[in-house]
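First the structure, in the form of structure tokens, and then the observations on it.
The values are calculated or read from the model by the stated rules, or taken from the named source; none is laboratory data. Please read these numbers as outputs of a predicted model, since none were measured by experiment. No Cβ is skipped: glycine too gets one built from the backbone with ideal geometry, and neighbour counts run over all protein chains shown. We work out accessible area using only protein heavy atoms, side chains counted, and drop any ligands, DNA or RNA first. Shrake-Rupley method; radii C 1.70, N 1.55, O 1.52, S 1.80 Å.
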Amino acid sequence: MVVYKRASEESELNRILALQQRNLYTNVPKEEQLKEGFVTVSHTFDILKRMNDVCPHIIAKDGGKVVGYALCMHPEFSNEIEVLRPMFDIIETRIPNIGNYIAMGQVCVDKDYRKKGIFRSLYQTMQNTLKSEYEQIITEVDAKNKRSLQAHYSVGFKLLSTHISGGQEWKLIGLGTF
């Protein structure tokens, strides 16, 4: 049975990193990227833990196995990960009256657990858990990652902005106000 909770143990953070590596775009064949999607950022344990200390990540667990996660990235980490800096710049300069928000730093579901509602449940858990603290969840998705964009739109995300960064097109999307 899959349980949704906030990450609270270092072992859970290590399991997030292992799942992340299995789904990192450099580790997923191109044809599988089109069908299954991919993640773009590879976090270090240090940054993942510091982010978790400020706002614990949302995870899906089946027994001791982390089968999905949605990373909570407070704006105070806006300069920590190079590829995400432009996202925070866009949020601050192009999105008027953004209010209090949390960035969803990355979402991923284990290949064996896809199409079982885990993605949707991760976001529902994130919304329910954080609604007293934040008005919106903001994230960006590589425009080539059609599967991820479709999944985000299906749970209620709306397009806020499109921009080019690092030679890639990104879709800045938001879910809120709660």
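Quick notes on this one:
- Scan of the range 11-33 for residues that are outside any helix (DSSP H, G or I) and either open to solvent by 20 Å² or more (accessible area, probe 1.4 Å) or in contact (Cβ under 8 Å) with a residue 24 or more places away in the chain (or both), ordered by number: Pro29
- Against the criterion of being under 21 Å from Arg50 (Cβ atoms), at pLDDT below 90 and not hydroxyl-bearing (Ser, Thr, Tyr), Glu82 qualifies.
- Residue list for the range 44-94, filter: in contact (Cβ under 8 Å) with a residue 60 or more places away in the chain, over 20 Å from Arg120 (Cβ atoms) and of a type outside the set (D, E, K, R): Cys55, Val83, Pro86, Met87, Ile90, Ile91
- Verdict on Glu135 being touching a residue at least 24 places away in the same chain (Cβ under 8 Å) and over 21 Å from Ile81 (Cα atoms): yes
- Residue in the range 34-41 that is of a type in the set (A, V, I, L, M), surrounded by 14 or more Cβ atoms within 10 Å (Cβ to Cβ) and in a helix (DSSP H, G or I) present: yes
- Scanning the range 124-157 for residues that are among the aromatic types (Phe, Trp, Tyr) and over 16 Å from Pro56 (Cβ atoms) returns Tyr153, Phe157.
- Any chance Glu133 is assigned to a strand (DSSP E or B), acidic (Asp, Glu) and out of contact with any Pro (no Cβ under 8 Å at 6 or more places or on another chain): no
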